[in-house]
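The values are calculated or read from the model by the stated rules, or taken from the named source; none is laboratory data. Computed from a predicted structure; not experimentally measured. Because the Cβ atoms are built from the backbone with ideal geometry, glycine has one as well, and the counts that use them run over all protein chains shown.
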Amino acid sequence: MSRYEDDLNTWKRWNNTGKGHELEKLLNSMNPMIQKTVNKYSAAPIPRSAIEAEAKKQAITAFKTYDPNKAQLNTYVGNYLQKVFRFVANNQNIARIPEHRVQKIQTYKNVYESLRAERSREPTILELSDELHWSPNEVGRLQDELRKDLSLGESFSQAQSHDFNRTSETLNFAYYSMTDEEQLIYDYLTGSNGKQKLSIPQTASKLNMDENEVIKSRNKIVDLIKNYSGGIL
């Protein structure tokens with residue numbers, strides 16, 4: 001069996017089952033092409049891990065939209081990898097956020113999202129302070145910093161993307177292992193992929209679902225992400 005036939009069969013299994021290990025096998029097979037693309041931008045003032053994460057994201061998008069009747073898989077993926085240039089061009093002047101601050105932002109974001117989902121409203125500074133075990137002043141300062149950082153319209157999830165670490169890859173694996181319905185729920189609850197960020201009741205109404213169904217799917221999504229991250233997230 002040729003390399004192309006092997007990749008095509010792997011793609012068919014992944015396309016039919018959504019199994020994460022099939023996606024990993026596809027990415028491993030395309031890794032030489034991905035690394036060649038990343039190497040083109042070795043001189044760019046952007047962490048290599050960031051460019052590699054973007055290249056893998058584009059490869060996964062290619063897997064998602066691929067039609068075997070129109071092109072060979074590696075050719076199609078190669079065309080998608082050309083989009084990495086735009087990512088580099090748009091981000092080469094962005095300063096990196098210090099690692100300790102990224103971790104603090106992520107801790108805040110996790111607690112914020114948890115309280116927001118639980119209460120179906122924006123959590124107060126005091127509620128965040130109690131949950132985080134930070135002083136109200138510390139919570140207020142971080143919120144002020146985030147407002148400044150997000151003044152150009154970035155969401156919390158976009159701010160998190162500056163971390164450029166394994167989290168992006170983990171979320172990509174998890175996202176493309178979700179059903180179409182779970183992807184929509186994830187997008188609305190997190191404000192991802194161009195969707196307006198909604199509460200659980202709003203998401204249920206938007207998708208014509210029962211709130212308990214949305215909560216059940218949300219919990220399944222959380223477990224899926226934890227599974228891919230090895231329990232780190």
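Summary table below
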| item | result |
| --- | --- |
| Test result for Val139, surrounded by 14 or more Cβ atoms within 10 Å (Cβ to Cβ), part of a helix (DSSP H, G or I), in contact with a helix residue (DSSP H, G or I) (Cβ under 6 Å, 6 or more places away or on another chain) and modelled with pLDDT under 80 | no |
| Single unsatisfied condition, Ile46 versus (1) buried (at least 17 other Cβ atoms within 10 Å of the Cβ); (2) outside any helix (DSSP H, G or I); (3) of a type outside the set (Asp, Glu); (4) modelled with pLDDT of 85 or more | (4) |
| Failed item, numbered, when Ser2 is tested on (1) surrounded by fewer than 20 Cβ atoms within 10 Å (Cβ to Cβ); (2) at pLDDT 85 or above; (3) small (Gly, Ala, Ser) | (2) |
| Selected residue (criterion: farthest from Leu81 (Cα to Cα)) from residues of region 4-43 that are assigned to a helix (DSSP H, G or I) and aromatic (Phe, Trp, Tyr) | Trp14 |
| Close pairs from region 197-217: first in contact (Cβ under 8 Å) with a residue 60 or more places away in the chain, partner among the β-branched types (Val, Ile, Thr), Cβ under 6 Å, at least 6 apart | Ile200/Val214 |
| Some residue of region 194-204 being at pLDDT 85 or above, of a type in the set (Ser, Thr, Tyr) and touching an Asp or Glu at 6+ places or on another chain (Cβ under 9 Å) | yes |
| Residue list for region 21-39, filter: surrounded by fewer than 17 Cβ atoms within 10 Å (Cβ to Cβ) and among the basic types (Lys, Arg) | Lys36 |
